[in-house]
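**Q** Sending over a structure as structure tokens; questions will come in a sec.
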Amino acid sequence: MSFATKDVTYSGQLLKLGAVNKAWKERWFVLVGSKLYYFRSRELKQPQGTVSVDQAYIRPSIDQHQGYCFEIVTSQRVFQLVAQSQAEMRKWVDVLTRASSISRENDRFHILESRIAQAECASVAHVNVPPPQAPSSGSQSSDALAYLTDDDSEAVH
């Protein structure tokens, strides 16, 4: 399988944790659209596997036993991958996140959520709430004491 250079979003060498044989193996990865192909080596034309990242969630790994680890979470499996550097890991997470429609929807949701919160704060800021008033009766009831500070309540007793 060969890809036109213009179709390849990103490619590079990563370590991948096997699904059955839990060993880390070097693989060549090629992202085309929302499909991530992986090969045993860069020279091979037939992919060993494909990950659809369209409905995947991309995140830094919670299991940091392997340096610059990140995960592709799909409905079938969690793929654990390791980059050679922090910068390389960030680049992979960025390009994979942009290829995921879930991430795009989450971005839209967070933008809307932020706008709603800003609008709510703005509307609350324009409402004049009067400060609490002490009861008008001259008696020293427990209701009236609720409005006194600690220092004031000692003076009453």
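The values are calculated or read from the model by the stated rules, or taken from the named source; none is laboratory data. On a predicted model such as this, the values are computed, not experimentally measured, just so you know. Remember, those area values only see protein heavy atoms, side chains included, never the ligands or the DNA or RNA. Shrake-Rupley method; radii C 1.70, N 1.55, O 1.52, S 1.80 Å.
**Q** Compute the accessible area per residue over region 1-93, keeping the other protein chains in place, probe 1.4 Å, unit Å².
**A** Here the residues of region 1-93 average 59 Å² of exposed surface.
**Q** Of Lys6/Lys35; Lys22/Lys91; Lys22/Lys45, which sit over 20 Å apart, Cα to Cα?
**A** On the way: Lys6/Lys35 15 Å; Lys22/Lys91 25 Å; Lys22/Lys45 25 Å.
From the list (Lys6/Lys35; Lys22/Lys91; Lys22/Lys45), the Cα-Cα distance tops 20 Å for Lys22/Lys91; Lys22/Lys45.
**Q** Can you compute 3J(HN,Hα) from phi for each residue in region 32-41, using the Karplus curve 6.51 cos²θ - 1.76 cosθ + 1.60 with θ = phi - 60°, rounded to whole Hz and x for Gly and Pro?
**A** 10, x, 10, 10, 10, 9, 10, 10, 5, 8
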